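Student: Here it is, the structure in full.
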């Protein structure tokens with residue numbers, strides 16, 4: 001399965017209805033270009049599944065992909081296209097064994113070494129960052145920067161640049177070797193999220 005170039009990550013503190021937001025944003029976009037990640041770490045399985053099922057339906061109706069972060073059981077139950085895993089979580093190999101050979105399996109990475117492990121484990125892609133300063137990641141240290149992204153991209157695993165990504169920055173992360181970009185605040189906090197996503201896609205073309 002081809003790795004989408006724009007990855008939109010949910011945060012119900014910014015928007016409590018990810019399926020409605022996705023329906024608004026995904027309308028009329030080229031099929032296969034977007035993956036929506038359901039990432040709500042504080043929710044239990046039943047509550048997460050209640051969000052996942054309508055989100056998967058919206059994504060599939062629009063010809064896009066939907067991934068569930070960390071919870072492989074919820075991804076299976078909801079009929080998602082795959083899962084996104086923490087770097088210290090279930091291995092990509094084990095996740096693929098459960099989700100099937102066609103599943104999209106992503107891993108959160110913050111260094112070339114973690115990208116190398118994800119590649120060796122059979123991941124489809126990795127998110128990499130935070131590339132730029134972003135409020136949600138300040139507690140974990142400084143941004144990794146473009147040079148680290150460029151180094152990690154040379155390993156050959158498709159990398160999705162994450163952290164402080166805005167349309168104006170897409171061209172430079174692309175030049176650094178990113179396959180695509182990820183966004184949280186950019187698509188959840190603005191007045192015209194569909195326009196933001198179209199601008200991200202335009203920067204990647």
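Student: From the list 188, 146, 98, 159, pick out the single residue that is out of contact with any strand residue (DSSP E or B) (no Cβ under 7 Å at 6 or more places or on another chain), within 24 Å of residue 70 (Cα to Cα) and modelled with pLDDT of 95 or more.
Tutor: 98
Student: Looking at the structure I just gave you, is residue 105 assigned to a loop (DSSP other than H, G, I, E, B), without any contact (Cβ under 8 Å) to a residue 40 or more places away in the chain and within 16 Å of the chain's Cα centre (by Cα)?
Tutor: It is false that residue 105 is assigned to a loop (DSSP other than H, G, I, E, B), without any contact (Cβ under 8 Å) to a residue 40 or more places away in the chain and within 16 Å of the chain's Cα centre (by Cα).
Student: Among the residues in the stretch 122-137, are any touching a residue at least 40 places away in the same chain (Cβ under 8 Å) and farther than 19 Å from residue 185 by Cβ?
Tutor: Within the stretch 122-137, one or more residues are touching a residue at least 40 places away in the same chain (Cβ under 8 Å) and farther than 19 Å from residue 185 by Cβ.
Student: Does the stretch 91-116 hold any residues that are out of contact with any helix residue (DSSP H, G or I) (no Cβ under 8 Å at 6 or more places or on another chain) and either within 15 Å of residue 4 (Cα to Cα) or surrounded by fewer than 19 Cβ atoms within 10 Å (Cβ to Cβ) (or both), and which are they?
Tutor: Answer for the stretch 91-116, where residues must be out of contact with any helix residue (DSSP H, G or I) (no Cβ under 8 Å at 6 or more places or on another chain) and either within 15 Å of residue 4 (Cα to Cα) or surrounded by fewer than 19 Cβ atoms within 10 Å (Cβ to Cβ) (or both): 91, 93, 94, 97, 100, 101, 102, 104, 106, 113, 114, 116.
Residues checked against (1) more than 14 Å from the chain's Cα centre (by Cα); (2) closer than 24 Å to residue 26 by Cβ; (3) without any contact (Cβ under 8 Å) to a residue 40 or more places away in the chain:
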residue: 116; (1), (2), (3): yes, no, yes
residue: 120; (1), (2), (3): yes, no, yes
residue: 172; (1), (2), (3): yes, no, yes
residue: 184; (1), (2), (3): no, yes, no
residue: 199; (1), (2), (3): yes, yes, yes
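Student: Out of the stretch 166-186, which residues are in a loop (DSSP other than H, G, I, E, B) and surrounded by fewer than 18 Cβ atoms within 10 Å (Cβ to Cβ)?
Tutor: Within the stretch 166-186, 166 is the sole residue that qualifies.
Student: Look at residue 163 and say whether it is assigned to a loop (DSSP other than H, G, I, E, B) and under 26 Å from residue 103 (Cα atoms).
Tutor: The answer is yes for residue 163.
Student: Would you call residue 159 within 24 Å of residue 198 (Cα to Cα), in contact (Cβ under 8 Å) with a residue 24 or more places away in the chain, surrounded by 18 or more Cβ atoms within 10 Å (Cβ to Cβ) and more than 17 Å from the chain's Cα centre (by Cα)?
Tutor: In short, no.
Student: Step by step: first the residues of the stretch 127-140, then only those that are assigned to a loop (DSSP other than H, G, I, E, B) and surrounded by fewer than 18 Cβ atoms within 10 Å (Cβ to Cβ), then the one that is modelled with the lowest pLDDT. Which residue is that?
Tutor: 134
Student: Moving to a separate point now. Restricting to the stretch 141-155, and then to whatever is part of a loop (DSSP other than H, G, I, E, B) and surrounded by 16 or more Cβ atoms within 10 Å (Cβ to Cβ), can you tell me which residue is farthest from the chain's Cα centre (by Cα)?
Tutor: 155
Student: Give me the pairs, please: first residue somewhere in the stretch 1-25 and closer than 21 Å to residue 180 by Cβ, second residue anywhere and surrounded by fewer than 14 Cβ atoms within 10 Å (Cβ to Cβ) and at pLDDT 95 or above, beta-carbon distance under 7 Å, and either six or more positions apart or on two chains.
Tutor: Pairs that qualify, where the first residue is closer than 21 Å to residue 180 by Cβ and the partner is surrounded by fewer than 14 Cβ atoms within 10 Å (Cβ to Cβ) and at pLDDT 95 or above, are 1/102.
The values are calculated or read from the model by the stated rules, or taken from the named source; none is laboratory data. None of these values were measured; they are calculated from a predicted model. In this analysis, Cβ positions are derived from the backbone assuming ideal geometry, glycine residues included, and neighbour counts consider all displayed protein chains.
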